[in-house]
Amino acid sequence: MSTHATLDAPTLDIEPGATASCGVTIRNSSPIIEQYRFEVVGPAAGWATIEPAVVNIYPDNDAEVSVTFSPPRSSRVPAGEVPYAVRVLPAENPAAATAVEGLVRIRPFFQTTAEISPRTSRGRRRARHEVAVDNTGNVPVHVELSGGDPDGQLTVRPRPSMLTVQPGQALFSAIDVRARRAYWRGQPITRPFQVMVSPGDGAPIVLDANMLQVAILPRNILKWVAAILALIILAAAAWFLLAKPAIDSAAQKAAEDAAGQSAAAVQAAQSAAAAANRRLDKAGIPPDGAAPAPSATPSGKAPVVANASTQLAAHANNGQQSAVTTDPRDLATLVPVKGGVYTVPQIDITNPQKDTGTIEILVDGVPKWTQALDNLFELPFKFDPALVLTTAKAGGQDGTKPHVLAIRINCTKAGDPIPLNGKVQGGGTCREYGSVTYTSVTPPATN
């Protein structure tokens with residue numbers, strides 16, 4: 001005794017939000033009347049139905065049921081192939097159960113929304129907004145952000161300007177708004193601008209916002225200036241009428257006392273000089289016969305003090321670690337010149353590709369700080385106290401070993417490469433950067 005089942009359409013293409021059906025034919029090869037139940041198993045079971053749910057089939061007869069699939073138009077149902085199976089369960093002879101397998105292909109759909117907050121910001125020269133990009137489609141979407149204003153009074157810069165948003169995910173981009181000109185005095189001015197969110201496969205989304213530019217000088221500045229001038233005039237009058245006569249009197253008395261003391265000092269000095277001349281005469285040395293003083297040694301040049309900045313760049317392929325050397329030409333290290341002293345208050349780490357893994361800040365090869373790269377785009381690390389790099393004696397007779405600031409990355413998976421100087425970098429490589437601003441004290445150049 002056995003049961004046979006076949007699908008009339010093993011593969012179905014379905015648009016999310018729509019429905020599609022296929023038939024299942026069941027043949028009862030047993031000698032008894034059999035009752036059959038049906039169930040759909042696999043990822044498609046949640047949005048599949050079978051009609052009728054139960055059938056009775058006479059021996060050596062066939063029956064057909066319909067399987068209907070209704071995938072929702074949601075990011076929870078990703079585009080692609082979804083396998084399923086229909087199980088046929090006999091009531092009288094459970095051992096004769098069987099199953100047929102099929103495939104549902106979910107077609108992609110794109111649906112992206114965006115929102116900016118706040119709608120109106122306030123600032124003298126700068127303001128900041130944030131754009132949230134939400135992917136409610138069922139495939140990843142690549143989004144480019146740009147901005148501008150109709151009057152050309154603002155600079156609008158998204159950070160980052162490129163996003164890759166997975167289905168059901170929302171990502172954020174900071175919008176830096178800067179007024180091109182300062183506004184010194186008067187009522188606040190509303191400056192409108194727009195941010196355009198351009199999905200790779202969809203119509204651009206235009207977001208309207210405003211910057212309320214506030215005057216640099218407060219409106220009541222004239223009242224404050226008048227009050228300060230009045231205080232200055234009162235202080236000057238008090239000085240000339242009260243304090244100055246008392247000070248002049250005290251100064252005159254002090255001058256008279258100092259004159260008396262000076263006369264006494266002059267007399268004492270003359271007596272001491274006469275006594276000294278008498279002693280020189282006894283020793284046979286003329287009063288002006290002392291040996292001449294040696295010539296002065298030229299003073300050395302002062303060291304050079306300057307503020308400087310550099311960028312550390314560390315690259316590593318997937319599954320590898322970047323190398324760190326003490327070569328001053330290595331872009332991953334900061335090494336002081338011979339005899340120099342560098343003071344480093346802070347290093348700013350950036351991860352423009354959204355790589356995953358870890359990044360380390362090393363001083364003399366020893367990790368001082370480790371940070372996961374996941375969800376890290378820009379992060380400052382402040383040395384407390386400030387880091388001091390010097391060139392110290394070490395090892396051999398003439399050898400020197402510089403103190404080294406370095407960054408090192410352990411690359412788990414590189415993110416999407418970004419354009420650099422108009423060219424797209426190769427994929428599969430983690431690229432992290434550290435911006436360092438420091439004060440250098442270096443020996444003067446010798447002639």
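The values are calculated or read from the model by the stated rules, or taken from the named source; none is laboratory data. As the structure is a prediction and not an experimental result, all values here were calculated from the model. Every residue, glycine among them, receives a Cβ derived from its backbone with ideal geometry; neighbour counts consider all protein chains shown. In case anyone asks, the SASA skips ligands and DNA or RNA and just uses the protein heavy atoms, side chains included. Shrake-Rupley method; radii C 1.70, N 1.55, O 1.52, S 1.80 Å.
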Glu64 accessible area, assembled protein chains, probe 1.4 Å, Å²: 120 Å²
Phe172, Phe383, ranked by accessible area, largest first (probe 1.4 Å): Phe172, Phe383
Surrounding net charge for Thr412, when Lys and Arg each add one and Asp and Glu each subtract one, Cβ distance under 13 Å: -1
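For region 177-222, what does the relative contact order come out to in percent, with C-alpha contacts under 8 Å and a separation of six or more? Present the calculation step by step, with values, prior to reporting the outcome.
Values: 63 pairs, mean separation 21.7, N = 46.
Once divided by the residue count of region 177-222, the mean separation gives 47 percent.
If we count every other residue with Cβ under 15 angstrom of Gln371's Cβ, Lys/Arg +1 and Asp/Glu -1, where does the sum land? Can you show the working numbers first?
Working: positive: Lys354, Lys368, Lys382, Arg408; negative: Asp348, Asp355, Glu360, Asp374, Glu378, Glu432.
Once positives and negatives cancel, what remains is -2.
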Region 52-118: relative contact order in percent, alpha carbon pairs under 8 Å with at least 6 residues between: 26 percent
Separation of alpha-carbon centers, region 94-151 and region 14-60, rounded to whole Å: 37 Å
Along principal axes, Cα extents of region 109-163, largest first, whole Å: 42, 19, 18
Unit charges at the beta carbon, dipole of region 44-104: most positive-side option, Leu89, Ile57, Thr68: Thr68
Within-15-Å neighbourhood charge of Phe110 [Cβ basis; K, R +1; D, E -1]: -2
In sequence order, calculated HN-Hα J values of region 347-364 (Karplus, 6.51, -1.76, 1.60; Hz; x Gly/Pro): 10, 9, 9, 10, 10, x, 8, 6, 5, 10, x, 9, 10, 10, 9, 10, 10, 6
Calculated from backbone phi, Karplus (6.51, -1.76, 1.60) coupling profile of region 204-216 in Hz, x at Gly/Pro: x, 10, 9, 10, 9, 8, 9, 10, 8, 7, 9, 5, 5
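Please arrange Arg122, Arg431 by accessible surface area, largest first, computed with a 1.4 Å probe and ligands excluded.
Order by accessible area, largest first: Arg122, Arg431.
May I ask you to rank Glu101, Glu39 by accessible area, largest first, using a 1.4 Å probe over the protein chains only? Show your work: numbers first, answer last.
Working: Glu101 150, Glu39 65 Å².
Descending accessible area places them as Glu101, Glu39.
Using the Cα gyration tensor of region 49-166, with a ≥ b ≥ c the square roots of its eigenvalues, what is the shape: rounded (a/c below 1.5), prolate (a/b larger than b/c) or oblate (neither)? If you can, show how the numbers build up before the last one.
Numbers: a/c = 5.46, a/b = 4.76, b/c = 1.15.
It comes out prolate by the Cα gyration axes.
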Residue-level accessible surface for Met196, protein heavy atoms, 1.4 Å, Å²: 80 Å²
FRET E, pair Gln321, Arg105, Förster distance 41 Å, beta-carbon r, rounded to 0.05: 0.45
Straight-distance crosslink candidates among aspartates and glutamates, where the alpha carbon sits under 19 Å from Lys413 and sequence neighbours closer than 8 are dropped: Asp355, Glu360, Asp374, Glu378, Glu432
